[in-house]
């Protein structure tokens with residue numbers, strides 16, 4: 001059957017079909033990273049959702065909380081739900097993504113993420129928190145998951161010669177999205193603020209529309225390479241690195257390999273060690289240097305960590321193209337463990353510069369862990385189903401999002417309750433984090449090439 005014999009009016013492929021996104025002659029692959037960034041810069045807003053917490057506690061009282069206003073504890077579930085549904089949607093939509101292609105998946109993400117803001121705006125207007133749970137938490141969280149994984153496999157297929165750099169470019173956008181969203185959200189709330197509104201509902205509407213448009217543009221611009229396409233002048237290198245396969249493993253078959261679960265633990269342990277610190281960075285530096293660090297300086301410290309989180313996603317993923325994914329994670333685990341062990345000593349010595357530098361490097365490796373893992377998966381399982389495999393692996397992120405903050409917060413509370421000074425209350429936690437990274441080192445060490453029995457045959461691959 002001719003490729004144009006299906007679709008609308010039997011003349012061309014359906015607009016959102018996978019076939020309709022196959023790049024034509026003359027298309028440059030450098031158009032794909034901006035399309036991915038158009039999505040990731042939007043969904044990166046998730047890291048900035050906390051700017052709405054305080055205003056949402058004053059929806060009725062406007063200037064101060066009224067008795068019927070929502071509490072921070074009730075509002076905290078909005079972000080938690082979003083991260084949970086990010087992981088779930090990324091895991092369960094993997095097969096669908098590989099079947100329908102990136103355009104439909106990215107457009108669905110745009111509808112969910114933008115629509116989630118509109119449902120949340122209605123929830124603020126009606127003062128029904130269940131609509132915020134449904135809107136930003138569930139619907140928006142699904143948009144986050146679909147938007148996060150959908151460009152990754154496409155980028156890897158376009159950049160067979162620079163897998164790490166390509167995924168680093170896109171996932172860097174997720175780390176940097178909050179840097180745009182936070183000030184923009186505050187400016188919009190101030191613009192819409194009035195005697196009867198603190199501007200949150202109106203800001204949600206604007207953000208929903210803007211994010212929908214931007215993500216839709218990315219979905220329309222995305223293209224996939226034709227079957228068998230390779231970068232001009234590039235041939236698969238003859239390499240002694242047995243970790244890089246030329247074969248492909250199906251999504252379901254990947255779950256039957258020990259490599260999937262070892263890399264799951266590698267990501268989980270790396271993220272757990274970083275995400276808990278990221279959430280407590282401001283308090284941590286103020287309590288460690290009580291006489292020297294003001295709240296304003298602590299806010300600057302958090303901003304600096306965000307820059308290193310974002311930059312590390314590109315730098316470390318690009319470096320992995322040269323030193324290998326497994327070696328990159330070895331660096332994360334060894335250097336991270338050393339720095340976590342030394343940080344309490346820097347604090348006790350009053351050395352702010354080394355304290356800040358250590359955390360900047362740690363957070364760069366936290367971000368680098370996210371951007372390096374898709375290329376790691378492509379090396380291990382091939383590129384044919386890497387989007388789906390990556391989606392299922394992101395359940396490690398959801399699990400780490402719970403484990404990291406619990407470790408930091410509850411151990412600190414236990415230490416303070418038992419008479420440990422606040423400045424020293426993080427020492428045990430940081431040493432535990434160092435131990436987790438050493439465990440991650442062992443998991444990474446155990447990763448071997450996938451056994452040939454899991455590889456797809458040429459016939460099965462052609463029929464996929």
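Brief remarks on what is shown
- Exclusive hit being out of contact with any strand residue (DSSP E or B) (no Cβ under 9 Å at 6 or more places or on another chain), surrounded by fewer than 16 Cβ atoms within 10 Å (Cβ to Cβ) and farther than 24 Å from residue 405 by Cα, set 295, 299, 353, 317: 353
- Which numbered condition residue 439 fails, given (1) modelled with pLDDT of 90 or more; (2) under 22 Å from the mean Cα position of the chain (by Cα): (2)
- Test: residue in the range 136-157 that is in contact with a strand residue (DSSP E or B) (Cβ under 6 Å, 6 or more places away or on another chain), part of a helix (DSSP H, G or I) and either more than 30 Å from residue 62 (Cα to Cα) or assigned by TED's automatic domain parsing to the domain that holds residue 113 (or both): yes
- Of everything in the range 237-276 that is farther than 22 Å from residue 388 by Cβ and at pLDDT below 75, the residue that is surrounded by the most Cβ atoms within 10 Å (Cβ to Cβ) is 276.
- Taken over the range 56-110, the residue count meeting the criterion of being farther than 30 Å from residue 385 by Cα, touching a helix residue (DSSP H, G or I) at 6+ places or on another chain (Cβ under 7 Å) and surrounded by fewer than 18 Cβ atoms within 10 Å (Cβ to Cβ) is 3.
- Condition check for residue 377: over 20 Å from residue 178 (Cβ atoms), surrounded by 23 or more Cβ atoms within 10 Å (Cβ to Cβ) and in the same structural domain as residue 293 (by TED's automatic domain parsing): yes
- Taking each residue of the range 186-213 that is at negative phi and looking for partners that are assigned to a loop (DSSP other than H, G, I, E, B) with beta-carbon atoms closer than 6 Å, six or more apart or interchain, yields 189/199; 192/199; 193/199; 198/58; 198/62.
- When 394, 357 are checked against the criterion of being more than 14 Å from residue 277 (Cβ to Cβ) and in contact (Cβ under 8 Å) with a residue 12 or more places away in the chain, a single residue qualifies: 394.
- When the range 300-320 is filtered for residues that are more than 20 Å from the chain's Cα centre (by Cα) and in contact (Cβ under 8 Å) with a residue 24 or more places away in the chain, only 301 remains.
- Per the listing 66, 110, the residue uniquely on the phi < 0 side of the Ramachandran plot and outside any helix (DSSP H, G or I) is 66.
A quick yes/no check of all residues on (1) closer than 30 Å to residue 447 by Cβ; (2) modelled with pLDDT under 90; (3) outside any helix (DSSP H, G or I):
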| position | (1), (2), (3) |
| --- | --- |
| 293 | no, yes, yes |
| 305 | yes, yes, no |
| 318 | yes, no, no |
| 322 | yes, no, no |
| 327 | yes, no, no |
| 331 | yes, no, no |
| 340 | yes, no, no |
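- Scanning the range 200-226 for residues that are in a helix (DSSP H, G or I) and under 20 Å from the mean Cα position of the chain (by Cα) gives 207, 208, 211, 212, 214, 215, 216, 218, 219.
The values are calculated or read from the model by the stated rules, or taken from the named source; none is laboratory data. Only a predicted model underlies this, so the values are computations on that prediction, with no experimental measurement involved. Methodologically, a virtual Cβ is constructed for each residue, glycine included, from the backbone with ideal geometry; neighbour enumeration extends over all protein chains shown.
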